Amino acid sequence: MKLCGEALNQGRMNRERKHSKERKGGLGKKVDKKAEQKRVSSGRGKTEPTTAGIDMSFQQPRSPLQVILDATPHGIVVLEGEEGLISYINSRALELCGADLRGLEMKTYSAAVTKFLRMEGEVYKPEDLPAPRALLHGERVRGEEMIIERPDGSRIAVAAHAAPTRDEEGNITGSVGIFEDITTQKELEKLRSAHSDRIEELLHERTRELMRSQINFGHLFNSMPDGAVVVDTRGIVRFANPAALGLFNAVEGEFIGSQFGMPVVEGSAEIAVMQEGRTLTIELSSTEVYWEDEQAHLVILRDVTTRKRALERVRTLSRRLIDAQERERRYIGHELHDEVGGSLTALKLALDRARHALRGQEKAMLNEANELLDYTLDYVRTLSHSMRPGVLDDFGLEKALRWYVNRYTSQTGIKVNLACQRCAGRYPEDVETAIYRIVQESLTNTAKYSRASQAKVECRYKDGTLGLVIEDDGCGFDASVISQESMGISGMYDRAFLLGGTLTVDSSPGKGTRITCELPVKSA
């Protein structure tokens, strides 16, 4: 595929104009680089730098196609020839890079201008960047995440796409690179991860030391902030520390020797205790001990009322973040499909009419523009559907899963067997979204890492629970060492947890992967 002739001609005209100025003595005024960098951007992580100091000579009277290329929210860069000459860069790419890279060649490019780094921090070699790879090897790159460090030191995260351009004989003549700003998405993922870490802190705030032998309870338990009660095999209270007396608002002489009145079993449970008109949530755990040479139970009582409230606040906040993300996805997807897609379709029709009316070189140039529009339309449709599939909102979970599985198989070649039992009805929106996103993330990981030839997805409703099982026959991995920084798996855990459900990942090297999720729902 070739970039449209007008964009290429504009790049050549810019280079000729620049060379002409240099032959006449330059631009006439030396640029202060430090002052230039201050004008480009202010602050690390901001994604809207100014274009002060950047050559904006491309802002001449332009065709509608060039206006579209400059108005697109993604940066576009065009490389030409064996040397990888940067012949065109749209205004969004100038903003993302913070510098004008036009006229530079791949082999002579220096990272001192704008640095391109992998997500791990390693600086790309020029030939390893997506657009040069497409030029040198004909590789098509989709969604490769990377970091751009501008000359002023600020950084943004982008998803890079690239494809080669070819002449009529199929020879590679150049490449096109597209950059999508994903800085906000990455910041939201970090925020969500931070909330998950906080939840784990709250849930594992302290550990208990189990006692199975006779010890001196006196000073140790009297100083404990948690309540401690010793109950014999008949359910009679033999000991209670001050914290336990405070929880039950009891007097020591009356409480000790009385019936405990609560179930004493191995493990832990939560109970509600009324105290001065308010309800406390008490976490109760017990273990066997010996008291005065008799078998008994040591019961630890902890007031978790504040922790439960904090956990609920964190859960609510995380839900709001995910809901906001889905609303934004839905909005962006609709805008891409309705506005951008509609405009590009109208432009394609206009080009088709013009192409049929012309002959010779002019028609060939319009053919190139038509091919670019086909590629852009396909990319916009893909991006729109990935943001938020309309079929999920309009027709429900089962049809959305079937649509996604068919599309996934056609794109990856991995056969997916989908089985749905009692899933044809509608469920709460957050439940449908969670199931769809978990399937989407799981199958994406299968395509990226597992080297699987087929996968299986089962979704079923039974007894108020919506169950999901996803399996593949890939290479598997050691599930016991899943990194907390794995945003995909962490996101699946978060979605299940926030809806009161469970998610487990079972995998081992050479034995494939199985993901099981169960979410409670009120009705099917």
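Evaluate E = 1/(1 + (r/R0)^6) for Arg313 and Arg142, where r is the Cβ-Cβ distance and R0 equals 35 Å; express this FRET efficiency to the nearest 0.05. The value I calculate is 0.35.
Of the GluC sites (Glu not before Pro) found in the stretch 424-524, those that fall in a DSSP loop while having at most 16 other beta-carbon atoms within 10 Å are Glu485. Taking 7 Å steps out from each Cα toward its Cβ at Glu120 and Cys420 produces label points 4.0 nm apart. Here the stretch 66-90 is scanned for amide nitrogen atoms under 19 Å from the site 7 Å beyond the Cα of Glu362 along Cα-to-Cβ, giving 66. Among Ile89, Ile76, a tally of other beta-carbon atoms within 10 Å of each Cβ gives an order, fewest to most, of Ile76, Ile89. Between Leu85 and Glu80, Met106, the built amide H atoms are under 5 Å apart, and every one of these is 5 or more places off in sequence or on another chain. Kindly flag which residue pairs out of Lys186/Lys399; Lys308/Lys448; Lys190/Lys448; Lys115/Lys415; Lys190/Lys462; Lys456/Lys522 have an alpha-carbon separation exceeding 32 Å in this structure. Pairs exceeding 32 Å: Lys308/Lys448; Lys115/Lys415; Lys190/Lys462. The slack between Val251 and Arg320, meaning 0.36 nm per residue of separation minus the straight C-alpha distance, is 20.3 nm. Computed from the C-beta positions of Asp378 and Asp463 and an R0 of 60 Å, the FRET efficiency is 0.85 to the nearest 0.05.
In this label model, Glu83 and Asp478 are separated by 5.0 nm, measuring between points 7 Å along each Cα→Cβ vector.
Can you bin the stretch 389-520 into rounded, prolate or oblate? Criterion: square roots of the alpha carbon gyration tensor eigenvalues sorted a ≥ b ≥ c, rounded for a/c under 1.5, prolate for a/b above b/c, oblate for the rest. Verdict is oblate for the stretch 389-520.
Residue order for His297, His195, fewest other beta carbons within 10 angstrom first, comes to His195, His297.
A short reminder: the numbers here are calculations on the coordinates, not readings from a lab. As the structure is a computational prediction, the values presented were derived from the model and not from experiment. Glycine gets a Cβ as well: all are built from the backbone with ideal geometry, and neighbour counts include every protein chain shown.
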